[in-house]
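Input: a single structure, listed below in structure tokens.
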């Protein structure tokens, strides 16, 4: 994401992981193969992050075998590649993470890395907190969620005029979030932090 900003790339639809990226992080070939085996099993797996009446959103994982585009060690998408004349490698595994959903029957799909890049650009102080919040949600770590949730509300509040166009019920407090986010509700309930009904 930082590379996208450094080189003024849009990074609209970039992968969250590629084999070369995993190797650059120090993973052995064995661990890279194991990563892709697990990632392929999780393709199509979804986490319900928002539900309110006829609106719902999920985090969805996708593994695709496609050409890999690289510019200055930054993994780009096809459109950015055309603009900066990047290096194209043969087809390889690419992991994508999307937020997919529907509002009143209209389908929406957006790349999570793109959203995080925009967050880093516009709200850099909240970027680390939101990353910790996401990782905490994926790991079921309620303490990481509670420690970092304030920045989520700051971002929603700052862009409420945009968020409210997409989300019919916009959470501005923990109570609101519990009403519209099944994953947060499930995690807090698991930690027995919700009052029994």
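The values are calculated or read from the model by the stated rules, or taken from the named source; none is laboratory data. Predicted, not measured: the structure shown is a model, and the values here were computed from it. Positions of Cβ are backbone-derived with ideal geometry, glycine not excepted, and every protein chain shown enters the neighbour counts.
So which residues in the range 34-58 are exposed (fewer than 13 other Cβ atoms within 10 Å of the Cβ) and over 13 Å from residue 95 (Cα atoms)?
Once the filter is applied, which keeps residues that are exposed (fewer than 13 other Cβ atoms within 10 Å of the Cβ) and over 13 Å from residue 95 (Cα atoms), the range 34-58 yields 34, 53, 54.
Does the range 163-178 include one or more residues that are modelled with pLDDT under 90 and under 25 Å from residue 2 (Cβ atoms)?
For the range 163-178, residues modelled with pLDDT under 90 and under 25 Å from residue 2 (Cβ atoms): present.
Taking the condition of being more than 16 Å from residue 19 (Cβ to Cβ) and in contact with a strand residue (DSSP E or B) (Cβ under 8 Å, 6 or more places away or on another chain), how many residues in the range 63-75 meet it?
1
Taking residue 149, is it within 18 Å of the chain's Cα centre (by Cα), outside the structural domain of residue 47 (by TED's automatic domain parsing), touching a residue at least 40 places away in the same chain (Cβ under 8 Å) and in a helix (DSSP H, G or I)? Give the derivation first.
On the way: within 18 Å of the chain's Cα centre (by Cα): yes; outside the structural domain of residue 47 (by TED's automatic domain parsing): yes; touching a residue at least 40 places away in the same chain (Cβ under 8 Å): no; in a helix (DSSP H, G or I): yes.
The answer is no for residue 149.
Just to check your reading of the model, which residue among 167, 133, 177, 187 is crowded, with 17+ Cβ neighbours inside 10 Å, in contact with a strand residue (DSSP E or B) (Cβ under 8 Å, 6 or more places away or on another chain) and not assigned by TED's automatic domain parsing to the domain that holds residue 62?
167
To keep it simple, each residue is scored yes or no on (1) under 14 Å from residue 14 (Cα atoms); (2) crowded, with 19+ Cβ neighbours inside 10 Å; (3) modelled with pLDDT of 95 or more.
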| site | (1), (2), (3) |
| --- | --- |
| 60 | no, yes, no |
| 72 | no, no, no |
| 78 | yes, no, no |
| 84 | no, no, no |
| 91 | no, no, no |
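For the range 104-114, indicate whether the set of residues that are surrounded by 18 or more Cβ atoms within 10 Å (Cβ to Cβ) and outside any helix (DSSP H, G or I) is non-empty.
Keep residues of the range 104-114 that are surrounded by 18 or more Cβ atoms within 10 Å (Cβ to Cβ), which gives 111, 113-114.
Subset that is outside any helix (DSSP H, G or I): 111.
Within the range 104-114, one or more residues are surrounded by 18 or more Cβ atoms within 10 Å (Cβ to Cβ) and outside any helix (DSSP H, G or I).
Can you tell me which condition residue 44 does not meet? The list is (1) modelled with pLDDT of 90 or more; (2) farther than 25 Å from residue 119 by Cα, and all the others hold.
(1)
Name the helices (runs of 4 or more DSSP H) wholly inside the range 1-94 in which the number of residues that are closer than 30 Å to residue 140 by Cβ and without any contact (Cβ under 8 Å) to a residue 24 or more places away in the chain is 2 or more. Talk me through it step by step, then tell me what you get.
Details: elements: 2-6, 19-24, 29-42, 78-84.
The helices (runs of 4 or more DSSP H) meeting that bar are 19-24, 29-42.
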